[in-house]
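Colleague: Sharing a structure below in structure tokens format, with a few things to ask.
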Amino acid sequence: EGTYAMSVRATAQDAGWGHISPWLPFDVGDDVTPPQIDADFAHGAQFTSPLRLSGNATDDQSLVRIRMAIRDRSTGLWLQDDGVTWGDFNRFYTDIFGHGAGDLDWSRTFDLPTGEYALSARATDTQGNETSLKPWRHFSVVP
């Protein structure tokens, strides 16, 4: 048992070094209870841009990260880390408040074009237990 951190680097045979992940803390112990996560807006909410998506996550021990994914429902494309481009499936980190605590708020601000979107968010605790927001929250951005 104890507290550790790890980072991962992927490499391709012909491309050299790849992306290095940030250090992710984790604990080795007997916590098997997954965290809980929720968004601060109802399914079908309407926003004007720029908009702030936010929520709360809780865990019986401590949380290490909240990641989210936003899908454009008309194109099927996913918002990328830069918050502007769209492409293959992508989860990106949110801003979290109270990192390492058992109860934290999360948010991220976006400048999205008018359209229909779906939000997924995932909370991870120090033991690697994860829970995704269910159901995904559909929302729209209006002019």
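The values are calculated or read from the model by the stated rules, or taken from the named source; none is laboratory data. In this text the structure is predicted, and so the values were computed from the model without any measurement. Backbone-built Cβ (ideal geometry, glycine too); neighbour counts: all protein chains shown. These accessible areas exclude ligands, DNA and RNA; they are computed on the full protein's heavy atoms, side chains included. Shrake-Rupley method; radii C 1.70, N 1.55, O 1.52, S 1.80 Å.
Colleague: So is S120 of a type outside the set (F, W, Y) and touching an Asp or Glu at 6+ places or on another chain (Cβ under 8 Å) or not?
Modeller: no
Colleague: Follow-up question, since we're still on this one. Within the range 71-110, track down each residue that is of a type in the set (D, E) and either part of a loop (DSSP other than H, G, I, E, B) or touching a residue at least 24 places away in the same chain (Cβ under 8 Å) (or both).
Modeller: D72, D81, D82, D88, D103, D105, listed by residue number.
Colleague: Of all residues being open to solvent by less than 50 Å² (accessible area, probe 1.4 Å) and touching a Gly at 6+ places or on another chain (Cβ under 8 Å) in the range 109-125, which is nearest to Y4 (Cα to Cα)? Just the residue, please.
Modeller: A121
Colleague: Identify, from the list D81, D103, D95, D88, the residue that is within 16 Å of P50 (Cβ to Cβ), open to solvent by 50 Å² or more (accessible area, probe 1.4 Å) and of a type outside the set (A, V, I, L, M).
Modeller: Result: D95 is the single residue among D81, D103, D95, D88 that is within 16 Å of P50 (Cβ to Cβ), open to solvent by 50 Å² or more (accessible area, probe 1.4 Å) and of a type outside the set (A, V, I, L, M).
Colleague: Can you pull out every residue in the range 126-143 that is open to solvent by less than 50 Å² (accessible area, probe 1.4 Å) and under 15 Å from R52 (Cα atoms)?
Modeller: The answer is R137, F139, S140, V141, V142.
Colleague: When both residues are 6+ apart or on different chains and their Cβ atoms are under 7 Å apart, which pairs have a first residue that lies in the range 41-63 and is at positive phi, and a second that is among the hydroxyl-bearing types (S, T, Y)?
Modeller: none
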